[in-house]
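Down below is the structure, laid out as structure tokens.
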Amino acid sequence: MSINRNLSRRQFLRRAAAAGIAPLVLPGSVLGLNGATPPSNRITMGFIGVGTQGGGHLLGGAWTYVAGGYTGRKEVQVLAVCDVWQDRRDNACRRVNDYYAGQAGAGSSQVCKAYVDFRAVLDRPDIDAVLIASPAHWHATMSIMAAMAGKDIYCEKPTAVTLQESHQVLDTVRRYSRVYQAGTQQRSEYAGKFRLACELVRSGRIGKLQSIYAWRDGGGVFWPNRFGAGNPVPPQLDWDLYLGPAPWIPFDGNTGPHRFDIGELNWGQHHYDIVQWAADADKTGPVEVFLEGELSGYKYASGVTVYGKPYPGEAVGGDGGACFVGTEGRIAVDRGSIKSDPPGIVLEPLRSDEVHLYRSDSHSGNFLECIRNRGRTICNEEVAHRAASALLLGGVSKQLKRALKWNPATEEFVNDDEANRLRSIAKRAPWCV
Amino acid sequence: MFASVMFLVATPAMPASAQDESQIITVLQSPSASLAEKDAACARLKRIGTARSVPAMQALLAETNLSHSARYALESMPFPEAGTALLAELEKTDGLTRMGLIHSLGIRGETIAVPALGKLVLDPDVDTVRAAAVALGKLGSSALEPLQTAWGKSSGAVRLAVADGLLSCASALRREGPSEAAQAAFKLICDHAAEPHLRQAAWRGFVGASHPSRWGELLVDGISGKDMAVQNASLELCRVLPGKLGPDAVARALPQIDAGLQPAVIRNLAQGGHKEALVTITGLLGSQSAEVRLAAIQAIGFLGSATSIPVLAKTAASTTGPEQAAARQALVDLHGLPPTDSLVELLQNADPAIQAESARALGLRGHHGAVKPLIELARKAPAGPQETACAALGQIASDSDLPALVGLVIEAKADALRNHAARAVQSASQRLLAIRGSVITDTLVQAIRQGPPAAKIALLPVASGSASPDVAAALREAAHDSDPAVSAAAFQALCDSVDVALVPDLLEAAARRAELRDRSAAVRACVRLVGPEHAGQNSLDRRLEVFTQLLKLPLRPEEKRVVLSGLAELPILDALRVVLPMVAEKEVQAEAAGAASRIATSLSAGDAPTALPILQQVIDSVTTDAARKPLEAALQKLNEQTKPKL
């Protein structure tokens, strides 16, 4: 087999960087770009879903932790925005183009195009990566289709709404060797508090880990009544595309990102992502799921028990965090604080013989860096799949109102036909992936 | 599917019974049942349905409104009857309804559907071809042939779906072991796909489908070839495959690989944890290419062990810029105790520059066991390693090491070592204080009382960071030492102290010290020790008392300004009264007015009526608009507080 392909300059630069080849790159000033990164050297991106979350990623806000969002990054060129609402996509597109128009050397001021159908974004061969911030029930389907189209993917949480589609994301991303980053940014952001907490727990600073209070319990989706009279669909909205793989339902005015959620589907993956990290469970998952009243919890094979509630009397943890309890102390962490009992546990610096975890100080930066060097992101497809599974298992248990046994190797409930049927939900055609 | 909500919210989980299922089937078959009722029945059958319920749901599969509801149940039922039902309806449906059935057959892994789907994957309708290709991709080896046929005929919009189906099938076949059929499928895509991501996926599969004995050769060929998609796939495999199954062969070939590609190969071998590559990678530290050397250093930090320590320390000592930074980081990144032991050995035997690098690394690694050898190094080494050793000691010494560090200060004959060692005592003390809330000061106190003058002078600044009766007493004694240099250092330590118990000493110093400069320093120290930083250790009355005593002294304007800055922080009426007469002093009028307005605005509402006339007197006394403006704003706020609330 001998293949020699002719490449465009941009393709060559992109893939040369990926392969670690150091091509001769002329500085922007030589190209008359006043120091700006030439468009041909940038990572080109499309944004699918530009509401509050996606708009924040695109243009700046709480979600990206970088002023100006991806649009403001020198190494990124936003080529497409997509939303089922016309005003959202048009506004986002205008703001991106306005930004570029104000930047010397950024090339054409009308580089970004607006799309209603994300498949048109995926069809563009000049787009390297997509950021998916659509409604939650779309996340996995879009991720799978993006991977099939050869795009690198940043996907908001929850990264899937069923166990089966979560596994399918993992398989597809692996099949195509795509760079995938889940939008569980706590491993990177918040001054490394979550990383430190996990390093200390895994280093044995609190003795043997016994239990974790995750603050939130399991989640899933349900479909509402799908028959009856609906309201007229506004002309600016593509309702069919909003529903996507969900069953057809009459328009009722709700186009929220989490309208089908039950339980803690929205925030749960943030918490369970950190729980998994601290429990050293990124390649595995629970073996038992239980209910404590209305709240789900689970156990790992190691014997560590995870409760879907706060640690009694502990204020730290509610903002995406958890409280880790060991035989010799405990550590509570969230976006705002990290504390321990005894207090010295978190004050003593980490030694070189203790556990040091993957370090990323910028979640979006880590994604872009991995696109360039084809490395694995801090919240890669397997990390995302296992954290999402921990969350969704609780959702199944809550639906069945009983405890379950789970085999994290085969990803099946043990001798439980009824529960196994709830691992997947049939998708509406044509969203069959 | 409304029923799923109802079951979730309202009904306990219950074992299925034949009676339940019969009732639900009756609903499905009832002409009078509504769409919603039938939908709810399907949702219930998803969980409890048996093969008995399949025919009733099959009857719904061709109905536009209810096909999805029936699929919702049938798709996850573990009975062959469900698959047969879906297949049987395929020919009776079209459009989106048929695509839904195709999908469900794929999800179920129904190999009986291969012939039917094999026809549909050649259908003129693009969406049908896509659905059939994706479904066939889930059906394993039996679907390979129809997909290969479709690949030859596909173009445009459906090509990606057909490729995905082919890749999925071939991957399933590959997972069972080396497979010529899978290889042929992967090769088809690798040779003919224009899309790089398809070629990358196909090459990855092609290698995997080959006999493992060939993987090393294929990886080397892939990396050395001209297709960057293949290069990327080969590099990725270097990261994910076990060393013996290919990456070790790449490592052996590394010196012959183009230097432009070597950094990427090194990085991927390192990320794969292939320790067999360490020797080859270490050999590349002598490369002409700075990129290669940098990648090699970083890789050694990832893959290396205790035996890598000498070469890394030498590199850190002999390079600059990114290479030195990488080598220093690698010396810290090599985790565990054996590398620490190697670093300790270097402390004892290596060149001074290497000793310094080893000491630096030991400090950052945080191993307490390195304290003794570092003290030895500090005693005997030349200036460079000596300073680094002391800095490292400050990072890792514990309470039990403080006597030895203080001893180092006392024994030191040269000023440089004495000062470095004293800084180590200070760093260690502050660190321990932050972690545990206390630090043992016995040796320090003893040295200040009985040590040689030079040691006392070096250690007195350390004592200023501790608050304990012993330390305070030692500072008082030292302040009266017969050696003027010692007493001067002690006075400076008193002024820098964090111990509020020393405020009386400082008040006395502010009143009695001969030197104007010393009096001024004492005033500032008093104000600091009763300021906001130590508010928890002093009552408001005590703070006011100290300020009042200070103001009784013959202070210069600049010292009065310092006192006023402290008074401004007290939210009590008496503070306002103390400030009032100072407004008349022209040199400090602005600061007094500022303090008065600050105090007035922080008073409680109950104090407002009493504060009003005092503040008015302050306003009457000021002579500039700039000073008056904030006071009037404060007056207005006080006035509002005195108005009755309606």
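The values are calculated or read from the model by the stated rules, or taken from the named source; none is laboratory data. Bear in mind that the values here come from a model prediction, so they are computed numbers and not experimental data. Backbone-built Cβ (ideal geometry, glycine too); neighbour counts: all protein chains shown.
Overview of values
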item: Residue check, B:Arg239 in contact (Cβ under 8 Å) with a residue 24 or more places away in the chain, assigned to a helix (DSSP H, G or I) and surrounded by fewer than 24 Cβ atoms within 10 Å (Cβ to Cβ); result: yes
item: Hits in segment B:435-464 - residues which are surrounded by fewer than 20 Cβ atoms within 10 Å (Cβ to Cβ), free of Cβ contacts under 8 Å to residues at least 40 places away in the same chain and not in a helix (DSSP H, G or I); result: B:Gly437, B:Ser438
item: Boolean, B:Arg517 is surrounded by fewer than 21 Cβ atoms within 10 Å (Cβ to Cβ) and farther than 23 Å from B:Leu580 by Cα; result: yes
item: Residue tally, condition polar (S, T, N, Q) and more than 10 Å from every other protein chain (Cβ to nearest Cβ), over segment B:168-224; result: 5
item: Top-ranked residue of segment A:125-143 - restricted to ones that are away from every other protein chain (no Cβ under 14 Å) and of a type in the set (A, V, I, L, M, F, W, C), ranked as nearest to A:Val433 (Cα to Cα); result: A:Met142
item: Options A:Leu400, A:Leu422, A:Leu368, A:Leu350: the member that is surrounded by fewer than 19 Cβ atoms within 10 Å (Cβ to Cβ) and of a type in the set (A, V, I, L, M); result: A:Leu350
item: Criterion: of a type in the set (Ser, Thr, Tyr), more than 8 Å from chain B (Cβ to nearest Cβ) and either surrounded by 24 or more Cβ atoms within 10 Å (Cβ to Cβ) or under 21 Å from the mean Cα position of the chain (by Cα) (or both) - qualifying residue of A:Thr410, A:Thr377; result: A:Thr377
item: Residue pairs meeting the criteria (Cβ under 9 Å; at least 6 apart or on separate chains; first touching a residue at least 60 places away in the same chain (Cβ under 8 Å), in segment A:224-240; second among the charged types (D, E, K, R) and surrounded by fewer than 16 Cβ atoms within 10 Å (Cβ to Cβ)); result: A:Gln236/A:Asp87; A:Asp238/A:Asp117
item: Residue among B:Ser597, B:Ser621 that alone is modelled with pLDDT of 90 or more, surrounded by 15 or more Cβ atoms within 10 Å (Cβ to Cβ) and over 21 Å from B:Glu569 (Cβ atoms); result: B:Ser621
item: Selected residue [more than 26 Å from B:His480 (Cβ to Cβ) and within 48 Å of the chain's Cα centre (by Cα)] from B:Leu551, B:Leu570, B:Leu507, B:Leu576; result: B:Leu570
item: Segment A:385-395, residues that are more than 11 Å from chain B (Cβ to nearest Cβ) and of a type outside the set (Lys, Arg); result: A:His385, A:Ala387, A:Ala388, A:Ser389, A:Ala390, A:Leu391, A:Leu392, A:Leu393, A:Gly394
item: Test: A:Asn254 is polar (S, T, N, Q) and within 24 Å of A:Gly51 (Cα to Cα); result: yes
item: Which numbered condition B:Leu432 fails, given (1) farther than 18 Å from B:Gly451 by Cβ; (2) of a type outside the set (Phe, Trp, Tyr); (3) not in a helix (DSSP H, G or I); result: (3)
item: Out of A:Glu264, A:Glu294, sole residue that is at pLDDT below 95 and in contact with a helix residue (DSSP H, G or I) (Cβ under 9 Å, 6 or more places away or on another chain); result: A:Glu294
item: Residue match in segment A:279-300 (condition: in contact (Cβ under 8 Å) with a residue 60 or more places away in the chain, within 18 Å of the chain's Cα centre (by Cα) and part of a helix (DSSP H, G or I)); result: no
item: Top-ranked residue in segment A:413-433 [being of a type in the set (A, V, I, L, M) and free of Cβ contacts under 8 Å to residues at least 12 places away in the same chain; ranked as farthest from the other protein chains (Cβ to nearest Cβ)]; result: A:Val414
item: Segment B:341-366 - residue that is polar (S, T, N, Q) and surrounded by fewer than 24 Cβ atoms within 10 Å (Cβ to Cβ) and, of those, nearest to B:Thr282 (Cα to Cα); result: B:Ser342
item: Segment B:398-419, residues that are more than 21 Å from B:Gly369 (Cβ to Cβ) and part of a helix (DSSP H, G or I); result: B:Val409, B:Ile410, B:Glu411, B:Asp415, B:Ala416, B:Leu417, B:Arg418, B:Asn419
item: Hits in segment A:301-348 (condition: in contact (Cβ under 8 Å) with a residue 40 or more places away in the chain, more than 21 Å from A:Trp267 (Cα to Cα) and part of a strand (DSSP E or B)); result: A:Val325, A:Gly326, A:Gly329, A:Arg330, A:Ser340
item: Test: residue in segment A:349-357 that is outside any loop (DSSP other than H, G, I, E, B), without any contact (Cβ under 8 Å) to a residue 40 or more places away in the chain, farther than 30 Å from B:Glu75 by Cβ and facing chain B (nearest Cβ under 9 Å); result: no
item: Elements of type helices (runs of 4 or more DSSP H) in segment B:541-636, at least 3 residues being of a type outside the set (A, V, I, L, M, F, W, C) and closer than 22 Å to B:Leu516 by Cα; result: B:557-567
